[in-house]
Amino acid sequence: MSIVTKPITLHLNGKTVGPVPVPEGIMMVDFLHEYLNLTGSRLGCGQGVCHACVVILDKPDGSSEEVRSCITGAHYFEGKKVRTVEGVGQQNEKGELVGMSPIQQKFLEHFSFQCGYCTPGFVNGATVLLERLKREPVARADVERTISSALEGHICRCTGYVRYFEAVKEVVLGTPGLVKEGA
Ligand code: FES
Ligand code: FES
């Protein structure tokens with residue numbers, strides 16, 4: 001029996017990738033790992049529950065969203081813009097990675113993770129949250145609830161979540177424009 005392949009082309013971490021012929025029905029996480037050697041997106045449950053595997057989909061309207069790469073086929077991303085944890089750090093004007101993002105930096109400072117298996121998912125989830133707050137700032141009174149609800153799908157078996165939460169809160173409160181003035 002031969003495997004049926006279908007080419008895929010997408011915009012990944014700022015660069016065009018493809019066309020790459022991959023098996024029809026291959027999941028995005030397997031495409032990233034096996035074809036592109038991008039292993040930062042973690043395969044945890046493999047069933048859409050833990051969110052360790054999320055990648056960021058950049059939509060044409062300028063918004064971004066998390067997509068679980070373990071239950072989403074690679075071809076869903078055909079022609080789309082995607083970021084993985086390998087592509088969310090600070091970049092220079094040439095698009096080269098030059099350092100950690102504010103979220104990555106704060107996770108490090110707070111010792112937010114232990115084994116780190118869930119961390120790429122938390123990084124991407126928090127990144128999407130910050131990008132949403134840039135477009136839609138929240139009142140100060142709603143910051144804690146907003147963070148909890150944005151990250152509640154992410155499962156960590158090690159840390160108890162408090163340090164992740166505190167790190168994200170520090171970035172949200174310390175970044176101008178994410179919290180409504182005087183609200
Ligand atoms: S590995 Fe994708 S949600 Fe758990
Ligand atoms: S740090 Fe180990 S699962 Fe979260």
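The values are calculated or read from the model by the stated rules, or taken from the named source; none is laboratory data. Please read these numbers as outputs of a predicted model, since none were measured by experiment. Positions of Cβ are generated from backbone atoms using ideal geometry, with glycine treated the same way; all protein chains shown enter the neighbour counts.
Starting from residues that are touching a helix residue (DSSP H, G or I) at 6+ places or on another chain (Cβ under 8 Å) and more than 24 Å from residue 133 (Cα to Cα), keep the ones in segment 64-98 and report whichever is nearest to ligand 1 (Cβ to nearest atom).
Among those residues, the one meeting the criterion is 70.
When residues of segment 91-113 are filtered for being farther than 17 Å from residue 163 by Cβ and either surrounded by fewer than 15 Cβ atoms within 10 Å (Cβ to Cβ) or within 16 Å of ligand 2 (Cβ to nearest atom) (or both), how many remain?
7
Starting from residues that are farther than 12 Å from residue 11 by Cα and surrounded by 20 or more Cβ atoms within 10 Å (Cβ to Cβ), keep the ones in segment 49-63 and report whichever is farthest from ligand 1 (Cβ to nearest atom).
55
Is it fair to say residue 88 is surrounded by fewer than 22 Cβ atoms within 10 Å (Cβ to Cβ), among the aliphatic types (A, V, I, L, M) and in contact (Cβ under 8 Å) with a residue 12 or more places away in the chain?
Against the criterion (surrounded by fewer than 22 Cβ atoms within 10 Å (Cβ to Cβ), among the aliphatic types (A, V, I, L, M) and in contact (Cβ under 8 Å) with a residue 12 or more places away in the chain), residue 88 does not qualify.
Taking into account only those residues within segment 119-149 that are small (Gly, Ala, Ser) and part of a helix (DSSP H, G or I), which is farthest from ligand 2 (Cβ to nearest atom)?
Our first condition is that a residue be small (Gly, Ala, Ser); within segment 119-149, this holds for 121, 125-126, 139, 141, 148-149.
Now restrict to residues that are part of a helix (DSSP H, G or I): 121, 125-126, 141, 148-149.
Values: 121: 9, 125: 12, 126: 14, 141: 29, 148: 17, 149: 19 Å.
Checked segment 119-149; the qualifying residue farthest from ligand 2 (Cβ to nearest atom) is 141.
Among (1) closer than 21 Å to residue 150 by Cα; (2) away from ligand 2 (no atom under 16 Å from the Cβ), there is one condition residue 17 misses while meeting the rest; what is its number?
With (1) closer than 21 Å to residue 150 by Cα; (2) away from ligand 2 (no atom under 16 Å from the Cβ) applied to residue 17, the lone miss is (1).
Residues of segment 131-149 being closer than 14 Å to residue 164 by Cβ and among the hydrophobic types (A, V, I, L, M, F, W, C), which ones?
Selection gives 147 alone.
I'd like the full set of residues that are touching a residue at least 24 places away in the same chain (Cβ under 8 Å) and touching a Ser or Thr at 6+ places or on another chain (Cβ under 8 Å), limited to segment 1-30.
9, 10, 12, 13, 22, 24, 27, 28, 29
With aliphatic (A, V, I, L, M), under 23 Å from residue 19 (Cα atoms) and under 15 Å from the mean Cα position of the chain (by Cα) as the only criterion, which of 56, 103 stands out?
Of the residues listed, the single one that is aliphatic (A, V, I, L, M), under 23 Å from residue 19 (Cα atoms) and under 15 Å from the mean Cα position of the chain (by Cα) is 56.
Between a residue in segment 32-59 that is in the same structural domain as residue 79 (by TED's automatic domain parsing) and any residue that is within 15 Å of ligand 2 (Cβ to nearest atom) and part of a strand (DSSP E or B), which pairs come within a Cβ distance under 8 Å, given they are 6 or more apart or on different chains?
From segment 32-59, the pairs are 41/54.
Taking segment 150-169, which residues are more than 14 Å from ligand 2 (Cβ to nearest atom) and either among the small types (Gly, Ala, Ser) or not in a helix (DSSP H, G or I) (or both)?
To start, the set of residues in segment 150-169 that are more than 14 Å from ligand 2 (Cβ to nearest atom) comprises 150, 152, 166, 168-169.
Result: 150, 152.
Can residue 182 be described as exposed (fewer than 15 other Cβ atoms within 10 Å of the Cβ) and not polar (S, T, N, Q)?
Details: exposed (fewer than 15 other Cβ atoms within 10 Å of the Cβ): yes; not polar (S, T, N, Q): yes.
Taking the combined requirement at face value, the residue satisfies it.
Working only within segment 31-53, note down all residues that are in contact with a Leu (Cβ under 8 Å, 6 or more places away or on another chain), more than 14 Å from ligand 2 (Cβ to nearest atom) and among the hydrophobic types (A, V, I, L, M, F, W, C).
32, 36, 38
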